[in-house]
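Reading through the structure tokens given below for one structure.
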Amino acid sequence: MSAEERYYIVCVDDEESVLEVLREQLYCHFGDRLNVEIASSGKEALAVIEDIMGSGEEVAILVADHFMPGLKGSELLQQVHAEHPQIKKVLLTGQAGLNSVVQAVNCGGLDYYLAKPWNESQLQNTLENLLKQYVLEKENAVLLDRLQKKNKQLQALTDQLEVLVKQRTE
């Protein structure tokens with residue numbers, strides 16, 4: 001991650017105290033390297049993500065509780081995955097059953113599951129690793145795009161060379 005790139009992490013939980021603890025722990029670990037946004041519902045989280053992405057910035061990680069009024073965490077992860085599959089997704093909950101976790105993995109592209117109450121260092125290490133993975137995947141996509149462009153240029157040159165060779169040997 002270059003010095004000028006700062007990504008966002010969006011945390012969503014219907015308990016304000018959980019959001020404040022998350023914000024504090026993430027700020028202590030990441031400092032100014034990562035922007036932390038919070039939302040108290042799935043609907044609000046979707047709006048926050050769209051605002052960030054709409055301004056040309058990037059959400060790298062979404063941390064969502066499962067049981068919330070309205071949109072459940074697994075449903076939120078599913079919607080985010082459908083629109084922004086590159087975002088790393090974490091389900092942080094103390095109440096999700098196995099079926100909910102399986103749904104989040106299979107349909108929501110869940111990258112990690114953390115149980116409440118969480119271990120602070122495990123949370124920080126998990127998010128640090130997911131951030132590194134996000135950045136590497138982004139860099140790989142850029143490199144792959146460059147490689148494909150170079151391959152097209154090389155193919156065009158090869159085609160031109162074959163035409164010249166054919167003209168000279170006729």
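The values are calculated or read from the model by the stated rules, or taken from the named source; none is laboratory data. Because the structure is predicted, anything quoted here is derived from the model rather than measured. Note that each Cβ is placed from the backbone with ideal geometry, even for glycine, and that neighbours are counted across all protein chains shown. With ligands, DNA and RNA removed, areas are computed over all heavy atoms of the protein, side chains included. Shrake-Rupley method; radii C 1.70, N 1.55, O 1.52, S 1.80 Å.
Roughly how many debye, to the nearest 20, is the charge dipole of the range 1-86 about its Cα centre, given +1 on each Lys and Arg Cβ, -1 on each Asp and Glu Cβ, and no other charges? Intermediate values should be presented prior to the final figure.
Numbers: 5 positive and 18 negative charges, 38 e Å.
Roughly 180 debye for the range 1-86.
With the charge dipole of the chain set up from +1 on Lys and Arg Cβ and -1 on Asp and Glu Cβ about the Cα centre, the Cα lying farthest toward the positive end among the listed residues I61, C28, A141 is that of A141. For K89, a cut-off of 20 angstrom between C-alpha atoms picks up these lysines, skipping any fewer than 8 places away in its own chain: K43, K72, K116, K132, K138. What the chain shows is 58 Å² of accessible area per residue, with the surface traced by a 1.4 Å probe over protein heavy atoms. Cross-link partners for K152 among the aspartates and glutamates, with Cα-Cα distance under 18 Å and sequence neighbours closer than 8 places in the same chain left out: E162. Accessible area of T169 (1.4 Å probe, protein heavy atoms only, ligands and nucleic acids ignored): about 110 Å².
Leaving ligands, DNA and RNA out of it, rank F30, F67 by accessible area with a 1.4 Å probe, largest first. Walk me through the numbers before you get to the answer.
Values: F30 5, F67 80 Å².
Greatest to least solvent exposure: F67, F30.
Relative to the longest principal axis of the Cα atoms of the chain, the long axis of helix 120-169 lies at roughly 10 degrees. Rounded to the nearest 500, the helix-only mean residue ellipticity at 222 nm of the chain stands at -20000 deg cm²/dmol, with each DSSP H run of n ≥ 4 adding -39,500 (n - 2.57). Over the C-alpha atoms of the chain, the Rg to Rh ratio, Rh being the Kirkwood estimate, stands at 1.20. For Y7, the solvent-accessible surface with a 1.4 Å probe is about 10 Å², rounded to the nearest 10.
Cross-link reach is defined here as a Cα-Cα straight distance under 15 Å, omitting same-chain residues fewer than 8 places apart; for K150 the aspartates and glutamates meeting it are D159. Please label the shape of the range 9-62 as rounded, prolate or oblate, based on the square roots a ≥ b ≥ c of the eigenvalues of the alpha-carbon gyration tensor (a/c under 1.5 means rounded; beyond that, a/b larger than b/c means prolate, else oblate). Oblate, since a/c reaches 1.5 and b/c is not below a/b.
Short-range pairs are left out: with C-alpha atoms under 8 Å and at least six residues apart, the relative contact order of the chain is 18 percent.
Where a ≥ b ≥ c are the square roots of the eigenvalues of the C-alpha gyration tensor, would you call the range 13-102 rounded, which needs a/c under 1.5, or, failing that, prolate if a/b is larger than b/c, or oblate?
Numbers: a/c = 1.67, a/b = 1.17, b/c = 1.43.
Oblate shape, in that a/c is at least 1.5 and b/c is the bigger or equal ratio.
Only Lys, Arg, Asp and Glu carry charge here, each on its Cβ (+1 for the first two, -1 for the last two); on that basis the chain has a dipole of about 880 debye about its Cα centre. Relative to the dominant Cα principal axis of the chain, helix 98-108 is inclined by about 30°. Using a probe of 1.4 Å, the accessible surface attributed to S55 totals some 70 Å² when neighbouring protein chains are kept in position. Helix 42-54 against the longest principal axis of the chain: what's the angle in degrees, Cα atoms only, rounded to the nearest 10? That helix lies at roughly 30 degrees to the long axis.
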